[in-house]
Amino acid sequence: MRKESLYLLNFCEINIFFNKTKPKKTLIRKGIFVMKTIQISNNNTILKLLNSNLKYEVIHDGFSWIGQGRKPFISFNIKVFGKYLSYRLPFSCALSVKHKTTKNKIISEYSKFPVGFRILPLKLRVTAELLGDGRIDFSVESENENGMDIKAFFFPQPFNAKKYDPNDSYSVDPIRQGTLIYDNWQDNRKAITLLTLYSRKINTGDAYLGLWGRVCGNHGFSAVIDDSNDCTLLSCYNKKQALLTSPKWCSQLGKVGYKRVLHMHFMRDCDYVKIAKDFRKNEEKHGRLITIDEKIKANPNVKKLIGAPIIHWRIMENNVPESGIYKKTKIGEVMHNTFEETIEKFSRYKKLGLDRAYVHTDGWGKRGYDNLHPYILPPNPKAGGYEGMKKLADYCDAIGYEFGLHDQYRDYYLDSEVYDPDKCVCNINMNKEYCDYWAGGPHNYLDSTLAKPFVERTYRELEEHGVKIKGTYLDVWGIMWGDENYNPKYMTTRHQSIAARGECFDMLRKQGLIVSSEEIGCNMVQYLDLVHHAPYAVTPQDGGPAVGVPVPLTNLVYHDCVFVPWHTEGKGGWGIPDGDAGKLHCILNGQSPYFNNSMAASGEQSDEELKQRIAETLEIAKVNELVYNAEMVNHKFLDKNRRIQQTEFSNGVKITVDFDKDTYKVE
């Protein structure tokens, strides 16, 4: 243990602030005073702080990991002519920098930040806590925050092995279902490079999980964000083309607000399965890991999803002329199926052997799919209105199909009869977030804390008209970051936004509805029974080559917590790597099959063809019945080309698939 050291002032970095000139790299790295290394240790782990801009080294079991790549920084908000702009500085630009140690902590205190020709009273306390057995918690806390001065901060610096073989190293990345990025990986290189060009929000398709890791030979680490509501991932490449990642923590309404914690676990005999399991343990610790069995206990109707194919059904599509979709496709109004036509087709499915299913219904609202939200009643008059929709719901109930709806309470359409500009999400400059790409055209975003009355109204009025709903899908909420709102009437944090969404799902669950949303973002899984996909990252996402080497990272965490259907017809497609059969990924993951005949022209299929398709779908669904409530405990590649893969589940079931031979085995 070394004595407390002091690093008072880095004059070259203060010069950067006043003159806004790019300094020489060596000066930023070393400053005028060279700080002595601070070191603490615990059993088989040594932690070193190498400089005042928070460069660390960790030595675990004799293997060294060191800060590498993008250096830690703080982005400050500065108000110029009434508008907030951001300005980035290294931590070490604080006029007061102090370091001290305790038995198992290195504590760095930064204060007196020179920002906008003023000295902020802000103090940041950065702690590296050595917990033993290779576990280290990195955290940031704040004092004296009295404005909206913080936009974001990047900490700690990404870690990489000090000495390693790039031919035996990979990074574990949480983009969509999950992937491994091997050093110098060349396949689909452009898509991998894109990962380094922006901050990737957690709880989105860019990062389902607040998790990443690195494996170099026999050593590796997991990095787990304790609370990812205000966190993004920022990646870079080193000189050996290794993808290195660390958290960029975003402000909570312009402040650090609460303690930010990153759990890192350095270990020997590390692989992506162990990295995923560290994240699962943290979810369990915080009570966020709610299993399917627990959800069935809360709502017995969820049991009806076990082994049930998912029908994704369309009623009416209507791309208004102002929408980006219309400008791209020139497709306007299309009636895919009226309520009466749907009854006829479902009757055919039933006769040919599809005894039960969950039905997800798009485009049933007044003006069709993705229009007029958050209030879209009455049901589409051209499709049959309330009377036709009631008849369809009753028919589904009679034949054992669970009738569910697509609904939306985030996109806030300007031509909705309930649009109120005062309820829109505003950024720090009080500008309303805006989009006009989707079918309904121009819209802002509704503050989630104001959505519940609209949800209550919709399902109350459906019930009043006798429409028996068995499930509902509240679009995008499951896979969008919480919406932060700077409108002074509301000042909604992302935590509050996520919690408000959860309240809406819980309200509907108490009514006996199966609740679902789009994808499997980690902040929302606890509230959902079903998500409609959790695919691998491919480019483009609707079909193309894989990004890296796909692995079921997310399912290693949440398999027994939520139902996830897969497209099972043909090869490739949405979230399925080129050349892979979707049904094999569905089987390998032990999850639900889509029965996608509304997307294809099922009316053109013969009874024999449709009967065969139904039989194949039910065969896949039987695998889900075997493992729906079992934890996925392992995944591995059985050949050097990674075409033979195997999953293992906590109930002893093993599933092996061969993507070249299009075969599978369940044992």
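The values are calculated or read from the model by the stated rules, or taken from the named source; none is laboratory data. It should be emphasised that the depicted structure is a prediction, and the values quoted were computed from it without experimental measurement. Cβ coordinates were reconstructed from backbone atoms using ideal geometry, including for glycine residues, and neighbour counts include every protein chain displayed. Ligands, DNA and RNA are excluded from the accessible area calculation, which covers all protein heavy atoms including side chains. Shrake-Rupley method; radii C 1.70, N 1.55, O 1.52, S 1.80 Å.
Of all residues in the range 520-531, those that are among the polar types (S, T, N, Q) have Cβ atoms under 6 Å from Cβ atoms of residues that are not in a helix (DSSP H, G or I), 6 or more apart or on another chain, in ASN523/ASN203; GLN526/ARG288; GLN526/ILE290.
Filtering THR338, THR361, THR342 for residues that are of a type in the set (Val, Ile, Thr) and under 30 Å from THR449 (Cβ atoms) leaves a single hit, THR361.
Take LYS327 and tell me if it is part of a helix (DSSP H, G or I) and modelled with pLDDT of 95 or more.
On the way: part of a helix (DSSP H, G or I): yes; modelled with pLDDT of 95 or more: yes.
When the stated conditions are applied, LYS327 passes them.
Which condition breaks for SER169 when tested against (1) touching a Lys or Arg at 6+ places or on another chain (Cβ under 8 Å); (2) open to solvent by 10 Å² or more (accessible area, probe 1.4 Å); (3) small (Gly, Ala, Ser)? Of everything listed in (1) touching a Lys or Arg at 6+ places or on another chain (Cβ under 8 Å); (2) open to solvent by 10 Å² or more (accessible area, probe 1.4 Å); (3) small (Gly, Ala, Ser), SER169 misses just condition (2).
For the range 647-657, how many residues are open to solvent by 20 Å² or more (accessible area, probe 1.4 Å) and part of a strand (DSSP E or B)? Of the residues in that region, 3 qualify.
When PHE346 is tested against (1) in a helix (DSSP H, G or I); (2) open to solvent by 10 Å² or more (accessible area, probe 1.4 Å), just one condition goes unmet, and that condition is (2).
Of everything in the range 317-337 that is hydroxyl-bearing (Ser, Thr, Tyr) and open to solvent by 30 Å² or more (accessible area, probe 1.4 Å), the residue that is farthest from LEU414 (Cα to Cα) is THR329.
The residue list THR539, THR449 contains one member that is among the polar types (S, T, N, Q), closer than 30 Å to ARG642 by Cα and open to solvent by 20 Å² or more (accessible area, probe 1.4 Å), which is THR539. Remark: ASP137 falls outside the filter, which requires a residue to be modelled with pLDDT of 95 or more, surrounded by 20 or more Cβ atoms within 10 Å (Cβ to Cβ), over 30 Å from PRO488 (Cα atoms) and not aromatic (Phe, Trp, Tyr).
Is it the case that the range 144-153 has a residue that's open to solvent by 30 Å² or more (accessible area, probe 1.4 Å) and either over 20 Å from LYS248 (Cα atoms) or free of Cβ contacts under 8 Å to residues at least 60 places away in the same chain (or both)?
yes
Every residue in the range 499-518 that is open to solvent by less than 10 Å² (accessible area, probe 1.4 Å), under 22 Å from the mean Cα position of the chain (by Cα) and closer than 22 Å to ILE310 by Cα, please. Within the range 499-518, PHE505, ILE514, VAL515, SER516, SER517 meet the criteria. Considering (1) touching a Ser or Thr at 6+ places or on another chain (Cβ under 9 Å); (2) at pLDDT below 95; (3) surrounded by 15 or more Cβ atoms within 10 Å (Cβ to Cβ), the lone condition that TYR208 does not fulfil carries the number (2). What number of residues within the range 377-412 satisfy the criterion of being open to solvent by 50 Å² or more (accessible area, probe 1.4 Å) and of a type in the set (Gly, Ala, Ser)? Count: 1.
Restricting the first member to the range 199-210 and to residues that are free of Cβ contacts under 8 Å to residues at least 40 places away in the same chain and at negative phi, and the second to residues that are open to solvent by 10 Å² or more (accessible area, probe 1.4 Å) and assigned to a loop (DSSP other than H, G, I, E, B), the beta-carbon pairs closer than 8 Å and six or more apart or on different chains are ARG200/ILE175; ARG200/ASP206; ASP206/ILE175; ALA207/ILE175. The residue pairs whose first member lies in the range 651-667 and is within 13 Å of ASP580 (Cα to Cα) and aromatic (Phe, Trp, Tyr), whose second member is open to solvent by less than 60 Å² (accessible area, probe 1.4 Å) and part of a loop (DSSP other than H, G, I, E, B), and whose beta carbons are closer than 8 Å, counting only pairs six or more residues apart or on different chains, are PHE659/GLY579; PHE659/ASP580; PHE659/ARG643. Listed by first and then second residue, the pairs linking a residue in the range 42-57 that is free of Cβ contacts under 8 Å to residues at least 12 places away in the same chain to a residue that is in a strand (DSSP E or B) and open to solvent by 20 Å² or more (accessible area, probe 1.4 Å), with Cβ atoms under 6 Å apart and 6 or more places separating them unless they lie on different chains, are LYS48/GLN39. Checking TRP477, TRP481 one by one, the residue that is at pLDDT below 95 and of a type outside the set (Asp, Glu) is TRP481 and no other. Among the residues of the range 249-276, those identified as open to solvent by 20 Å² or more (accessible area, probe 1.4 Å) and charged (D, E, K, R) are LYS255, LYS259, ARG268, ASP269, ASP271, LYS274. The set of residues from the range 574-608 being at pLDDT 90 or above and open to solvent by 20 Å² or more (accessible area, probe 1.4 Å) comprises ASP578, GLY579, LYS583, ASP607, GLU608. Looking only at the range 542-567, residues that are in a helix (DSSP H, G or I) and either hydroxyl-bearing (Ser, Thr, Tyr) or surrounded by fewer than 22 Cβ atoms within 10 Å (Cβ to Cβ) (or both) come to 2 in all. Exactly one residue out of ALA451, ALA499 is small (Gly, Ala, Ser) and in contact with a Cys (Cβ under 8 Å, 6 or more places away or on another chain): that is ALA451.
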